[in-house]
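Notes to accompany the following structure.
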Amino acid sequence: MISDDLTFYLAIGLFVLAVAIAYFVFASFLFGAGYEPTPRRAVETMLRFAEVGPTDTVYDLGAGTGAIVFRAARTYRARVVGVEVEPLRYLILKLRRSLGPFADRITLRWGNLFDLTFRDATVITAFLWPGAMARLRPKLEAELPRGARVVSHCHPIHGWTPEQHDTDTDVYLYRWPEAVANTPTKTGAVAHPSV
Ligand SMILES: C[S@@+](CC[C@H](N)C(=O)[O-])C[C@H]1O[C@@H](n2cnc3c(N)ncnc32)[C@H](O)[C@@H]1O
């Protein structure tokens, strides 16, 4: 009887562990992208293209383990908001922030980037899958202040015209609202966003 109980609780424990591991590994897939750190050279291109400086507030959408967050805060002295949905990576971000300099410049949020408002962002950085980029576009158009720069690695924002595209590191730079204003509509006219 005791051994039956032990087996039962062991099975429950293993099940809970398996669910937890599956959640850690696959949660971010459901939300918009799996984990792959932005390569160092691409990070540099993104921050250089966006002309990030001490007066900027950079939002890294899907901050991972902080390749962009810590570079932007430490080297470029920007204020940075990093949002990450996956709890283990969020924990790593918190740990890295507490161990390094400029912690006061870095705000970390655990959760879904689509629940955040970007109204005080001057720069958006993103390395997300195409579906998430498509869902992001109307949110950016509704919330970004004029003059904000958006830099994306690997995946463009369809319907926006990039100001620059570095084919080497595959980084796109957009400026709001010019990215839309310069994009021809289906009839060939250019759009005029009302911001
Ligand atoms: C390709 S990685 C990029 C990581 C980081 N930006 C970097 O440059 O190294 C994408 C990250 O976005 C996170 N993510 C995906 N969808 C998200 C969502 N809806 N909200 C917050 N984070 C998300 C994933 O968990 C993953 O860590």
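Please treat every number below as a calculation from the coordinates, not as lab data. Note that the coordinates shown come from a computational prediction; the quantities given were computed from them, not determined experimentally. Here the Cβ positions follow ideal geometry from the backbone for every residue, glycine too, while neighbour counts run over all protein chains shown.
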Whole-number percent relative contact order across the chain, with pairs defined as alpha carbons under 8 Å at least 6 apart: 18
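So what is the 222 nm mean residue ellipticity for the chain from helices alone, if each DSSP H run of at least 4 adds -39500 (n - 2.57) and you divide by all residues, rounding to the nearest 500 deg cm²/dmol?
Values: 6 runs with 79 residues, N = 195.
Using -39500 (n - 2.57) per qualifying helix, the result is -13000 deg cm²/dmol.
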Stretch gain in nm, segment Thr55-Ala27, where the contour uses 0.36 nm per residue and the Cα spacing is subtracted: 6.7 nm
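Using the beta-carbon distance between Arg137 and Leu91 and R0 = 35 Å, what value does 1/(1 + (r/R0)^6) give for FRET efficiency, to the nearest 0.05? Display every interim value, and only then the final one.
Details: r = 30 Å, r/R0 = 0.86.
Once rounded, the FRET efficiency stands at 0.70.
Calculate the FRET efficiency for Ala11 and Gln164 from the Cβ-Cβ distance with a Förster distance of 41 Å, rounded to the nearest 0.05. Numbers along the way, then the final one.
Details: r = 56 Å, r/R0 = 1.36.
That gives a FRET efficiency of 0.15.
Grab the beta carbon distance between Val19 and Asp120, set R0 = 25 Å, and tell me the FRET efficiency rounded to 0.05.
On the way: r = 37 Å, r/R0 = 1.48.
Computed FRET efficiency for Val19 and Asp120: 0.10.
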Charge dipole (the stretch 1-70, unit charges on Cβ, about Cα centre) - positive-most of Ala11, Ala33, Ile68: Ile68
Expected-Rg normalisation [2.2 N^0.38 Å, Cα atoms] applied to the chain: 1.21
Principal semi-axes in Å for the stretch 1-71 [√(5λ), Cα gyration tensor, largest first]: 44, 10, 9
Other-chain or far-sequence residues with amide H under 5 Å of Ala148's (modelled H): Trp176
Packing rank of 14-22, 28-36, where each peptide gets the mean count of other beta carbons within 10 Å, highest leading: 28-36, 14-22
In Hz, Karplus ³J(HN,Hα) per residue of the stretch 6-22 (6.51, -1.76, 1.60; θ = phi - 60°; x = Gly, Pro): 4, 4, 4, 5, 5, 5, 4, x, 5, 5, 4, 4, 5, 5, 4, 5, 4
